[in-house]
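J.: After the structure tokens below, expect a handful of questions from me.
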Amino acid sequence: MAKKFSFKVKVYYEDTDAGGVVYYANYLKFLERARSEVIYSLGYTNTSILERFGILLIVKSCNIEYKKPARFEDSLEIISEIKSFTKTSFLMKQNILKNNELISDADVHLVSVDKKGKPSKIPEELKKKLEN
């Protein structure tokens, strides 16, 4: 079973449109924060991954589906889990929940690249921590 990571975020006024509903692009920011927290929870930072392994983890694609709106002052939970790996990339499933109800889900394809932007093998140490 894949390891699941949880991250909580509160919706602030700045995240919403004139109607008090979260602006669609801000969901991507919430997902990015959750992915960064996954890295931090493993004992890394994006900077330390670059320094230690010489790679960056970048988003190649993101498919997001909005099911129900989040609103001003809602508390959200983002559940992130790795669905599959290749040598240089992995697919992460990220679900956004409000009161334990799914309101949005995303499939995010992340790629490991070197400093020149070319695909690079995911370090085994990092892969193991993401899996377990």
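The values are calculated or read from the model by the stated rules, or taken from the named source; none is laboratory data. Because the structure is a prediction, the values reported are computed rather than measured. Heads up, the Cβs are rebuilt from the backbone with ideal geometry, glycines too, and the neighbour counts pull from every protein chain shown. Calculation scope for accessible area: heavy atoms of the full protein, side chains included, ligands and nucleic acids excluded. Shrake-Rupley method; radii C 1.70, N 1.55, O 1.52, S 1.80 Å.
J.: Here's a check for you: in the stretch 64-84, which residue that is open to solvent by less than 50 Å² (accessible area, probe 1.4 Å) and assigned to a strand (DSSP E or B) is farthest from residue 42 (Cα to Cα)? Explain how you work it out, then say what you get.
T.: Initial filter on the stretch 64-84 (open to solvent by less than 50 Å² (accessible area, probe 1.4 Å)): 64, 70, 74, 76-82.
Keeping just the survivors that are assigned to a strand (DSSP E or B) gives 64, 76-82.
Working: 64: 25, 76: 22, 77: 19, 78: 17, 79: 15, 80: 13, 81: 13, 82: 14 Å.
Among residues in the stretch 64-84 that are open to solvent by less than 50 Å² (accessible area, probe 1.4 Å) and assigned to a strand (DSSP E or B), the one farthest from residue 42 (Cα to Cα) is 64.
J.: Next up: Being in contact with a strand residue (DSSP E or B) (Cβ under 8 Å, 6 or more places away or on another chain), in a helix (DSSP H, G or I) and surrounded by fewer than 17 Cβ atoms within 10 Å (Cβ to Cβ) is the filter here, so list the residues in the stretch 33-63 that pass it. Let's see the steps before the verdict.
T.: Residues of the stretch 33-63 in contact with a strand residue (DSSP E or B) (Cβ under 8 Å, 6 or more places away or on another chain): 33-35, 37-39, 41, 46, 49-50, 55-63.
Narrowing further to those that are in a helix (DSSP H, G or I): 33-35, 37-39, 41, 46, 49-50.
Within the stretch 33-63, 33, 41, 46, 50 qualify.
J.: Still on this structure, I have one more. Do we have residue 87 as of a type in the set (D, E, K, R) and either at pLDDT below 95 or not in a loop (DSSP other than H, G, I, E, B) (or both) here?
T.: Numbers: of a type in the set (D, E, K, R): yes; either at pLDDT below 95 or not in a loop (DSSP other than H, G, I, E, B) (or both): no.
When the stated conditions are applied, residue 87 does not pass them.
J.: Residues of the stretch 87-132 being under 17 Å from residue 3 (Cα atoms) and of a type in the set (Lys, Arg), which ones?
T.: The answer is 93, 127, 128, 129.
J.: Does at least one position in the stretch 44-60 carry a residue that is farther than 22 Å from residue 102 by Cβ, among the polar types (S, T, N, Q) and out of contact with any helix residue (DSSP H, G or I) (no Cβ under 8 Å at 6 or more places or on another chain)? Break it down into steps so the answer makes sense when it comes.
T.: As a first pass, look at the stretch 44-60 and keep what is farther than 22 Å from residue 102 by Cβ: 44-58, 60.
Going one step further and asking which of them are among the polar types (S, T, N, Q), we end up with 45-48.
Keeping just the survivors that are out of contact with any helix residue (DSSP H, G or I) (no Cβ under 8 Å at 6 or more places or on another chain) gives 47-48.
Within the stretch 44-60, one or more residues are farther than 22 Å from residue 102 by Cβ, among the polar types (S, T, N, Q) and out of contact with any helix residue (DSSP H, G or I) (no Cβ under 8 Å at 6 or more places or on another chain).
J.: Between a first residue in the stretch 41-54 that is closer than 16 Å to residue 127 by Cβ and a second residue that is in a loop (DSSP other than H, G, I, E, B) and of a type in the set (Ser, Thr, Tyr), which pairs have beta carbons less than 8 Å apart while being 6 or more apart in sequence or on different chains?
T.: So the pair list comes out as 52/44; 54/120.
J.: Follow-up question, since we're still on this one. Of all residues in the stretch 1-21, which are exposed (fewer than 14 other Cβ atoms within 10 Å of the Cβ), hydrophobic (A, V, I, L, M, F, W, C) and over 19 Å from residue 41 (Cα atoms)?
T.: If the condition is that a residue be exposed (fewer than 14 other Cβ atoms within 10 Å of the Cβ), hydrophobic (A, V, I, L, M, F, W, C) and over 19 Å from residue 41 (Cα atoms), then 18 is the only one that fits.
J.: Which one of the conditions (1) surrounded by 17 or more Cβ atoms within 10 Å (Cβ to Cβ); (2) of a type in the set (Gly, Ala, Ser); (3) on the phi > 0 side of the Ramachandran plot does residue 117 fail to meet, given that it meets all the rest?
T.: Every listed condition holds for residue 117 apart from (1).
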